[in-house]
Amino acid sequence: MKQRYFKNVVTLQYNKDNCTGCGMCVEVCPRGVFAMNGKKAIINDRNACIECGACMKNCAFNAISVRPGVGCAYAIIMGRLKGTEPGCGCGDSSSACCG
Amino acid sequence: MFLNFSILVRYNFNKERIMVKSKICCTSQDRISQKTSPKWYCCTIETPGGMVPKISTNLTLSDYLGSAMARSSINRKHYHIRPGLYATGNPDKNSFVFVTANYKLTFDHLRKNMKGIDGWILVLDTEGINVWCAAGKGTFGTEELVKQVEQTGIKEIVSHRKLILPQLGAPGVAAHEVKKKTGFTVIYGPVRAADIPLFLTNELQSSGKMREVSFHVLDRLILTPIELAGTLKYCVLLFIFFIIYSWILAGNASFSQVLAKAFHSFLPFLGAVLTGTVIVPVILPFIPGKAFALKGWIGGIIWAAIYLFVIRNTFAWIVIVPYGLLLPALSAFLAMNFTGATSYTSLSGVLHEMKYALPFILVSAGAGISFFIVIAVIQNLV
């Protein structure tokens, strides 16, 4: 079963007009957010999106935008304390953000 | 999560000696000496692009120990391997090229799943960080991939123009740009290295399941040691605080009595820490609510109730209030920090959660601490 977080919070935007139907977004999404519908991609499961940014990065036609980031409270808190962007604290042994 | 391709090591072998990169590599000093070479290294093989080190697909006890240590935050920063090209089996110009990160846990996961596969492994310099996180940071990215493709001479070693990347590297790599810059087509392979053999028999197609990240009970359990390790420093400080506090109030009690008293004071907090870092993460889907902080708070209130019930004959009833405020707040905060270890949270979602949870946690914890101070002052003055 797919675990889910809050509904209607993600920043994912999809512009169907730019889509050429290459299917790359369907391929790279680790959460099954996109699906192909004929010759265009569609957003099939918006609330499953984790804002990793893989689809935007791999869309050669600028059809997708999303604010990529880490869904990690620890990183967000540290980012605010240090005045930096929230980044995954992987190199930082005090967080499992990066398993 | 992201563990499979992604898990890994920094290896503390002598960097100078492990020179593996083609061409320049052939003085005896540059070869990996038997003495200092890691156990997974076998020998070098000759290719049109130069010498390439061949690696074992069997993990040894030291690999498993290293991985257990890295997961507990011990020596985690020294668990990386040298970027560059490696070989498994007896690859030739037609063999596939698998790209991975230089965290040794990740590298180990890949090579153990390369049993019986003749292939090339191209290791990117991700600063010892797993594929998923490095992709988020951009170190597992287009630029580094292009650089390694150029540096390793892979173009002369293989005749095809395909690179197989772990799918979780996709947030960092723009396949179309790699194609433009190197001529290589990026094919995103399965999320888990264990699916590689199936991916190859499926003619480089990932089925739905192979593309999605899973997050089962074991995936969560394996992440808890590091959550716990992250709190260790604070736990030790708190325990020392209780020792000093008990000692000041001890009168002429013996050291062991002081220690016992300190431990009694420390126990409820230790329980709240374990609840927030281990128990709640492991049984996550079975606790109601979407917000991690709420799940942690529920766990914390249950722990507080159990603890107070067990010691019900030994305390003044008034302490229910500060314990009830402080312990669940602590568990809620720690559980909220587990958001980063899961595979289904988003930045927007976590911001949404924090907007409500963080003020609540701070107020609740602050009130609890203030209450304890008031009780302590009254008890010791009166």
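The values are calculated or read from the model by the stated rules, or taken from the named source; none is laboratory data. Bear in mind the structure is a predicted one, so any value in this text is a computation, not a measurement. Cβ sites come from the backbone with ideal geometry, for glycine too, and all protein chains shown count toward neighbours. Heavy atoms of the whole protein, side chains included, go into the accessibility calculation; ligands, DNA and RNA do not. Shrake-Rupley method; radii C 1.70, N 1.55, O 1.52, S 1.80 Å.
Roughly how many whole Å is it from the C-alpha centroid of segment B:310-382 to that of segment B:122-152?
41
Under the definition of partner shielding as Cβ atoms of other protein chains within 10 Å of a residue Cβ, what is the mean value for peptide A:44-57?
Average per residue, whole number: 5.
Give, as ranges by residue number, the residues of segment B:139-160 whose backbone N falls under 20 Å from the point 7 Å along Cα→Cβ of B:K93.
Once the point is set 7 Å along Cα→Cβ of B:K93, B:149-160 turn out to lie under 20 Å by backbone N, inside segment B:139-160.
Please give the contour-minus-distance gain from B:N202 to B:F360: 0.36 nm per residue of separation, less the Cα-Cα distance, rounded to one decimal in nm. Walk me through the numbers on the way to the answer.
On the way: separation 158, 0.36 × 158 = 56.88 nm, distance 5.11 nm.
Contour length minus the Cα-Cα distance gives 51.8 nm.
For the protein assembly as shown, give me the percentage of DSSP beta bridges that are antiparallel, rounded to the nearest 5 percent. Could the numbers behind the result be given before it?
Values: 18 of 29 bridges.
Here the antiparallel bridges make up roughly 60 percent for the protein assembly as shown.
Pairs of alpha-carbon atoms within less than 8 angstrom and 6+ residues apart define the contacts here; what relative contact order does chain B have, in percent?
Across chain B, relative contact order equals 13 percent.
Label B:I244 and B:A194 with points 7 Å out from Cα along Cα→Cβ: what is the distance between them in nm?
4.8
Could you compute how much accessible surface B:E156 exposes when probed at 1.4 Å, giving the result in Å² to the nearest 10?
100
Taking R0 as 45 Å, what's the FRET efficiency between A:N8 and B:L61 from their Cβ-Cβ distance, rounded to 0.05?
Efficiency, from the Cβ-Cβ distance: 0.35.
Average the reciprocal distances over every distinct pair of alpha-carbons in chain B, invert the result, and give the Kirkwood radius in Å.
23.6
Highest first, please rank the peptides B:186-198, B:232-244, B:142-154 by the mean number of other Cβ atoms sitting within 10 Å of their residues.
Highest-to-lowest ranking by the protection proxy: B:186-198, B:142-154, B:232-244.
Could you list which residues have their amide H under 5 Å from that of B:K54, counting only those 5 or more apart in sequence or on another chain, with H placed in the peptide plane?
B:C42, B:C43, B:T44, B:I45, B:A87
Taking the highest mean first, how do the peptides B:325-333, B:79-87, B:215-223 order by number of other beta carbon atoms within 10 angstrom per residue? Display every interim value, and only then the final one.
Working: B:325-333: 27.3, B:79-87: 24.0, B:215-223: 16.7.
Result, highest mean Cβ count within 10 Å first: B:325-333, B:79-87, B:215-223.
Give me the dipole magnitude in Debye, nearest 20, for segment B:219-381 about the Cα centre, with unit charges on the beta carbon: positive for Lys and Arg, negative for Asp and Glu.
100
Using a Debye calculation, one point per C-alpha and no hydration shell, please list log10 I(q)/I(0) for the protein assembly as shown at q = 0.09 Å⁻¹ in order.
Log10 of I(q)/I(0), two decimals: -0.67.
Just tell me, in residue order, which DSSP H segments of chain B are both 18 angstrom or longer along the helix axis (alpha-carbon based) and at least 1.6 in mean Kyte-Doolittle hydropathy.
Numbers: long enough: B:224-248 (35 Å, 1.58); B:255-274 (27 Å, 1.30); B:292-310 (27 Å, 1.72); B:320-336 (24 Å, 1.89); B:347-381 (49 Å, 1.48).
Counting only whole DSSP H runs, the qualifying helices are B:292-310, B:320-336.
Taking a threshold of 26 Å on the Cα-Cα distance, which of the pairs B:K54/B:K162; A:K82/B:K181; B:K93/B:K147; B:K112/B:K179; B:K104/B:K137; B:K137/B:K179 fall above it?
As for pairs spanning more than 26 Å Cα to Cα, those are A:K82/B:K181; B:K112/B:K179.
With the crude spin-label approximation of a point 7 Å out along Cα→Cβ, what separation in nm comes out for B:L351 versus A:T20?
Distance between the two pseudo-spin positions: 3.2 nm.
B:K233 versus B:Q379, label points 7 Å from Cα toward the beta carbon: distance in nm?
Roughly 2.9 nm, to one decimal.
To the nearest whole number, what is the average tally of beta carbon atoms from other chains within 10 Å of the beta carbons of peptide B:126-134?
Partner-chain Cβ atoms within 10 Å, mean over residues of B:126-134: 4.
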